[in-house]
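One structure is given below, encoded as structure tokens.
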Amino acid sequence: MKTQPRLCIAFTCAGMLVSGLPGVHAQQPGALPPAAPTQPVAPPTLMPPADSKAPLTADFSAKILRDPSSLPNNGQLQMSYATVVEKILPSVVTIHSSTPIKAPEVDQIPPQLRPFFYRFFGAPGGPDPFGGGMNEDDEPAPAPRRRGQPQQPQRPQQPAPDDDAHQSQGVGSGMIITPDGYIITNNHVVADAKKIEVDVDANGSTKTYRATVIGTDPLTDVALIKIDATGLIPATLGDSSKLRVGDIVLAAGAPMELSRSVTQGIVSALGRSNEGIVGKGNGRGGRVQGYEDFIQTDASINPGNSGGPLVDAMGRVVGISTAILSRTGMNAGIGFAIPINMALHIVEDLLDDGAVQRGFLGVQITDLDGALAERLGFKEQGGAVVMMVGAGSPAEKAGIQLEDIIVAINNQRVDSSSRLRLIVSGTKPGSQIPIDVMRGGKRLTLNATLEALPEEALSELSSGQRGIPRPGAPGQAKDNVSELVSGVTVQTLTPALRERHDIPDNVTGVIVTKVDADSRAAAMGVEESDVISHVNRKPVTNAAEARTLAKGSDKTVLLRVWRKGDTMLLMIGNN
């Protein structure tokens with residue numbers, strides 16, 4: 001029986017190494033004569049730079065070293081890459097993350113194994129002066145109910161978030177991009193981490209720093225973190241749009257926790273997409289599709305390389321190692337890296353407010369394959385066929401119709417539906433762009449003004465929903481979702497959310513879309529799908545307003561909550 005290959009996100013942690021999960025590797029550049037002096041250049045059109053009007057972003061961009069010159073192609077065999085390695089290694093860091101281990105639900109544990117889980121996580125609810133504990137069968141004895149209290153389902157006690165004994169320890173890589181401590185890595189290296197430490201090697205010694213997360217983007221697996229340091233050596237960033245299949249690349253990082261390791265290979269392919277590597281899972285088997293445009297390489301990538309740089313033969317970063325394709329979880333010669341042009345665009349967007357703003361056209365599309373081309377009477381293949389046009393969307397306003405074949409957008413060729421998604425998502429909301437379509441055998445050029453991608457389109461709850469999400473009022477995209485208090489994410493209550501959660505029209509407020517099981521809010525009773533109508537006794541109508549009111553409290557926040565017809569007050573610690 002043949003074993004099917006499996007895609008593996010190369011997240012490396014000590015526990016995962018024992019179980020043999022796969023890791024991500026970085027590529028190593030070849031050694032050539034010193035690169036030409038770096039000149040700042042703009043990112044390619046696929047991923048345009050962040051808004052130049054933001055002084056913070058402009059100052060950040062000025063700190064980044066770039067070199068877009070072409071690689072020499074003299075056909076000579078390179079005998080050593082030592083010079084290239086010496087150039088990149090001072091910028092490579094090792095990242096250690098600590099993430100609380102969450103206890104499983106009781107109904108997910110086989111009865112014969114429950115005593116072991118109770119001993120490890122503790123009996124549900126912990127010590128109870130009114131009763132409880134373990135019975136003679138090693139099952140938790142139920143505590144007596146107080147009058148008026150409903151019977152609560154029993155579940156293993158969640159360990160304290162700062163309990164070192166119940167932490168999953170992860171190891172990944174990253175690279176310094178500014179002298180004052182900004183570091184690019186993978187989202188999956190730092191996601192949900194309660195503590196992040198970064199090892200920086202300088203002059204033969206290693207110094208460890210605590211890091212803070214500036215912003216993350218699960219849909220591209222890019223994260224920006226920062227350490228409090230100065231005088232660091234940043235990496236020189238190249239231009240990934242100039243990569244060619246066959247170019248020499250090097251991967252650097254900490255595979256298997258072996259820091260400052262370098263491997264060498266070539267670019268095996270470009271533009272790999274629809275691999276299902278990045279995205280957001282909703283915990284119920286659904287998934288929000290991510291944005292993929294991977295560099296494929298045979299440079300050895302293993303657990304621990306995640307977030308490390310992939311550099312060319314001149315030591316310039318062209319990608320970020322992210323995942324591997326493997327039957328065993330270890331390197332099999334097929335690795336994937338995020339192009340640095342895409343990553344830098346995301347980083348500059350994260351720098352402003354920790355969130356990424358993406359363009360929205362408002363169409364559902366599919367690839368133009370042979371069968372569909374024949375059905376539509378189109379002789380050529382390639383392009384994106386419009387299967388649905390959203391009401392009131394930029395596409396409808398521009399005159400795009402069903403069965404239109406989009407062959408170019410914003411002066412870039414469209415050869416697949418994934419390419420169209422990348423171009424649109426990488427274009428700033430408010431941009432007016434030309435769209436070339438084939439309709440009835442004729443080529444037409446239409447003009448569309450992109451809007452901001454609705455938050456609902458990126459909600460994990462919307463995965464699998466049919467139809468096209470509606471954008472909110474102008475300027476509200478950033479206000480649609482927010483962290484109310486630590487561990488609680490709320491979203492503005494839209495008609496779609498109201499219908500999905502069966503919330504009456506007379507109930508107003510913001511809806512809880514995510515609750516961290518380890519948070520104080522969860523312990524106090526906040527649940528997903530709760531509707532918060534008042535914060536500190538004041539009514540709220542959107543997520544931004546609720547967040548502002550919550551931030552005004554130093555110690556506690558008073559919430560009025562609607563839950564399936566019941567109304568209650570909850571007092572939550574605000575720290």
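Structure notes:
- Label zone at residue 567 (point 7 Å along Cα-to-Cβ), backbone N below 16 Å, the stretch 487-510: 504-510
- Local electrostatic count at residue 509 - Lys and Arg +1, Asp and Glu -1, tallied over other residues with Cβ under 12 Å: +2
- Extension gain for residue 556 to residue 502 (0.36 nm times residue separation, less C-alpha to C-alpha distance): 16.5 nm.
- A 1.4 Å probe run over the stretch 296-448, with the rest of the protein chains in place, finds 36 Å² accessible per residue.
- Other residues with beta-carbon under 14 Å from the beta-carbon of residue 273 carry, at +1 per Lys or Arg and -1 per Asp or Glu, a net charge of -3.
- Computed from the C-beta positions of residue 270 and residue 401, the FRET efficiency with R₀ = 25 Å rounds to 0.15.
- Most to least packed among 216-228, 305-317, 324-336 [average Cβ atoms within 10 Å]: 305-317, 216-228, 324-336
- Rounded, prolate or oblate (a/c below 1.5 giving rounded, otherwise prolate when a/b exceeds b/c) for the stretch 507-557 by Cα gyration tensor: oblate
- Per residue, the average separation of C-alpha pairs within less than 8 Å and at least 6 apart gives the stretch 515-575 a relative contact order of 34 percent.
- Seen from residue 316, the other residues with C-beta closer than 12 Å to its C-beta sum to a net charge of -1, counting Lys and Arg as +1 and Asp and Glu as -1.
- Approximate spin-label separation residue 77-residue 169, in nm, with each point projected 7 Å along Cα-to-Cβ: 4.4
- Cβ crowding within 10 Å averaged over residues, with 86-99, 250-263 ranked highest first: 250-263, 86-99
- Virtual spin-label span in nm between residue 374 and residue 228, 7 Å along Cα→Cβ: 6.8
- For the stretch 520-575: accessible area per residue (Å², 1.4 Å): 59
- Estimated inter-spin distance, residue 194 and residue 63, nm [label 7 Å along Cα→Cβ]: 3.0
- Net length gained if the chain between residue 327 and residue 528 were fully extended (0.36 nm per residue, minus Cα distance): 68.7 nm
- Accessible surface, the stretch 170-294, averaged per residue in Å² (probe 1.4 Å): 40
- Among 173-185, 374-386, the order from most to least packed when residues are scored by Cβ within 10 Å on average: 173-185, 374-386
The values are calculated or read from the model by the stated rules, or taken from the named source; none is laboratory data. Given the structure is predicted, the values throughout are model-derived calculations rather than measurements. Here Cβ is always computed from backbone atoms with ideal geometry, including for glycine, and neighbour counts include all displayed protein chains. Surface accessibility is based on the protein's heavy atoms, side chains included, excluding ligands, DNA and RNA. Shrake-Rupley method; radii C 1.70, N 1.55, O 1.52, S 1.80 Å.
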